[in-house]
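Nothing in this text is a laboratory measurement; each read-out follows from the coordinates by a stated rule. Please read these numbers as outputs of a predicted model, since none were measured by experiment. Cβ sites come from the backbone with ideal geometry, for glycine too, and all protein chains shown count toward neighbours.
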Ligand code: ADP
Ligand code: MG
Ligand code: MG
C-alpha cells in the first residue's frame, strides 16, 4: 500500500470517530460509563498525529504501530482490544495483501481479540460486528456491502443482553441499547471500506 493510501485510511478513521464521538459517548452512557467516545477520539487523534511516520512503514509495521498507539492511548476495556485487533492484523498481513490474505488475517485478529477479551460473538461487544465483517469478506462482498453488514450487525446488538464488559453488570437492563464498541467498529469498517473503494 502506498504511504498516501495509509495516510488517507488514518484520516478517514480519525475523522469518523471524531464526528461520532458524542454518539459513542451517549451509547456508553446508557449501559456503561460514558467514556467510549472520548477514549476512541483520544486514541485516533494520537494515531493521526503520527500518521506520516506510520504511513512511511510497510503495511504490517504500520498496523502494528497503530495498534501499539491505541493500547497506549484509548484506555478502558476497548483500548487493549482494538490494540490487539490492529497488532494482530500487523502480525498476520503480508505487505501487499489480496482479499484472501486480508480475510485470513482478520480471522486471526478476531481470534486474538476473542482470546484477549475472553469473549465470543453473541455477547454484545465489538466482536458482534467483526465476525459478520469477516464473513462478508470471505463471501467476496463489495466494500459498500461490507459496510452495510457492519451497520446491521451493530444494530443487531440492540436486543442482545451484554455478557462481557461493563454493560454486563446491568444484566437484563443492557437489552434495548446498542453496544458502543460495536458502533465504533462499524464506523471504522465503513471508513476503511469507503477509503479503499472510493
Ligand atoms: P470501558 O468499558 O472500560 O469504559 P470503553 O467504554 O472504551 O471501555 O469500551 C467499551 C466497549 O468495549 C464495549 O462497548 C464493548 O464493545 C467492548 N468490550 C468490553 N469488554 C469486552 C470484551 N471482554 N470483549 C470484547 N469487547 C469488549
Ligand atoms: Mg466506557
Ligand atoms: Mg471506562
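Only a single item in (1) more than 18 Å from the chain's Cα centre (by Cα); (2) in a loop (DSSP other than H, G, I, E, B) is not met by residue 178, and it is number (1). Only one of the numbered conditions (1) surrounded by fewer than 19 Cβ atoms within 10 Å (Cβ to Cβ); (2) within 16 Å of the chain's Cα centre (by Cα); (3) closer than 18 Å to residue 164 by Cβ is violated by residue 36, and that is (1). The set of residues from the stretch 19-47 being more than 8 Å from ligand 1 (Cβ to nearest atom) and within 15 Å of residue 73 (Cα to Cα) comprises 37, 38, 41, 42, 43, 44, 45, 46, 47. Taken as a whole, the condition of being within 20 Å of residue 21 (Cα to Cα), touching a residue at least 24 places away in the same chain (Cβ under 8 Å), touching a helix residue (DSSP H, G or I) at 6+ places or on another chain (Cβ under 6 Å) and crowded, with 21+ Cβ neighbours inside 10 Å applies to residue 180. Scanning the stretch 103-149 for residues that are free of Cβ contacts under 8 Å to residues at least 40 places away in the same chain, more than 22 Å from residue 32 (Cβ to Cβ) and part of a loop (DSSP other than H, G, I, E, B) returns 139, 141.
Scanning the stretch 120-149 for residues that are closer than 23 Å to residue 168 by Cβ and surrounded by fewer than 20 Cβ atoms within 10 Å (Cβ to Cβ) yields 120, 121, 122, 131. Taken over the stretch 73-100, the criterion of being at negative phi and within 16 Å of ligand 3 (Cβ to nearest atom) is satisfied by 73, 74, 77, 78, 79, 80, 81, 82, 83.
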